[in-house]
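The next block holds one structure in the form of structure tokens; read it before the comments.
Any read-out appearing in this document is the output of simple, stated calculations on the displayed coordinates, not a laboratory observation. Since we're looking at a predicted model, the values are computed, not measured. Heads up, the Cβs are rebuilt from the backbone with ideal geometry, glycines too, and the neighbour counts pull from every protein chain shown.
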């Protein structure tokens, strides 16, 4: 990253220094500390960042693996309709966030935006809550994504070895191995990550075309009745409620869509590139996902077969190809894409952790950027360690309940953070107006913001509902109670310390990042 002469002069003195114990707030700039917290390299260009986001989300290749709850609650009809509605809602969300990214493309953007647009009377408290909710959402999403890939891997193992038994210690070992691989790559070879993700993006598109051709060439066709078929296997007697609960299968496909914004401080011409990469990668993901849903509805086996399978996508591939070898090859390709996404997740979540630390939410020890590798090394290690600890919940059957609570938390917390941002942005646009960046929607921006807010709030209603009734300890949806614990903890910290000693995001760091961003 380019720096003014004063930062270049300081560089020799701080390359191996620890950051001081006091973080400058609200424009009081300790130049040595600011340099130590911002000395990352701007490695990503527009194509690489677009590829990073496209692979990170991987909507089309996650559709089949994530369809279980859509089939369980609602069936094919609701699954298709909910996808169309969610795609429209997420398009409005990404359009809105693109405008904001053009103003402030920084790591930890969600709470920066909240602080920038919220009413002065509640600015600090809302920003504090936003920071904790967003960080919790991303860490739990990382645990959820890692577990998703393990489910496909074990489904593939079961396909080739019917005697394989899925037990907690095996799942944990596989999960930890993949997490360690992604972490080490992010630490020791981060310079190749932009190129790796670009290569993975090319592979993503090629595999998509291969899968679609294979499906239409080899699969038996379903009748048109498949598109109007309904199914509720969960015990809910109200189809409207059941179908909305099942729609979470499609909502999960786009959770964390704004991930590339956290890479803004490592992107060239960030105010221009980040919003474009964000919006168009999400739109492309959604379009590819829609094609995949139509393809699956035309070619998939009966719903009961999917609900009784270890992995829906593996069962679909075996039904389509009739060959274990071909199914294995395609599934292996999907696993590679999922692992590529995990590498991006580690990058993005660790940048959020780094930002939240340098802004006083987490211990400042984790705000340090390693002088040798030019990455927030300590934040990477902290993030992966936390996810590794959550992965240990796979050990033992009873702990699946706890892991389910953590992973389901990601969707609810993420949408709550979206709702907070959109609410303060709509408020700001209606009361005092906002100064837009290089990339914006002009007069249509406010309407996109309102549409995104309405969709976000409506989706939030359904997150706490249990997938199955009657409810017991094993099938209860714990996301609401767990999020409540997060809020209690954040509010407790606010009254114990932050209300007096925390003044909001570090403007000295933000100004330095934005000044050298283009």
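Values as computed for the structure displayed
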{"quantity": "Förster radius 41 Å - calculated FRET efficiency between residue 217 and residue 41, Cβ distance, rounded to 0.05", "calculated": "0.35"}
{"quantity": "Global geometry of the chain, whether rounded, prolate or oblate, following the gyration tensor of its Cα atoms and the 1.5 cut on a/c", "calculated": "prolate"}
{"quantity": "Rounded to 10°, Cα long-axis angle of helix 168-188 versus longest principal axis of the chain", "calculated": "40 degrees"}
{"quantity": "Stretchable slack from residue 441 to residue 192, in nm (0.36 nm times residue separation minus alpha-carbon distance)", "calculated": "86.3 nm"}
{"quantity": "Cα-projected label distance for residue 487 with residue 181, points at 7 Å along beta-carbon direction, nm", "calculated": "4.0 nm"}
{"quantity": "Crossing angle, helix 270-299 versus the chain [Cα axis fit, 0-90 degrees, rounded to tens]", "calculated": "10 degrees"}
{"quantity": "Using alpha-carbon coordinates, inclination of helix 312-321 to the longest axis of the chain, degrees", "calculated": "50 degrees"}
{"quantity": "Segment residue 454-residue 429, length gained on full extension (0.36 nm per residue, minus Cα span)", "calculated": "7.4 nm"}
{"quantity": "Compactness of the range 126-258 - radius of gyration and Dmax, Cα, Å", "calculated": "19.7, 54"}
{"quantity": "Cα centroid separation, the range 212-226 to the range 440-457 (Å)", "calculated": "37 Å"}
{"quantity": "Inverse of mean 1/r across different Cα pairs in the range 201-274, Kirkwood, Å", "calculated": "17.0 Å"}
{"quantity": "Förster radius 25 Å - calculated FRET efficiency between residue 365 and residue 389 (Cβ-Cβ, nearest 0.05)", "calculated": "0.85"}
{"quantity": "Centroid-to-centroid separation of the range 472-518 and the range 92-140 [C-alpha atoms, Å]", "calculated": "10 Å"}
{"quantity": "Gain on full stretching of the segment that runs from residue 329 to residue 374 - 0.36 nm per residue minus C-alpha separation", "calculated": "12.5 nm"}
{"quantity": "Alpha carbon centroid spacing (whole Å) that separates the range 332-373 from the range 145-188", "calculated": "20 Å"}
{"quantity": "The chain: calculated mean residue ellipticity at 222 nm from DSSP helix runs of at least 4, using -39500 (n - 2.57)", "calculated": "-22000 deg cm²/dmol"}
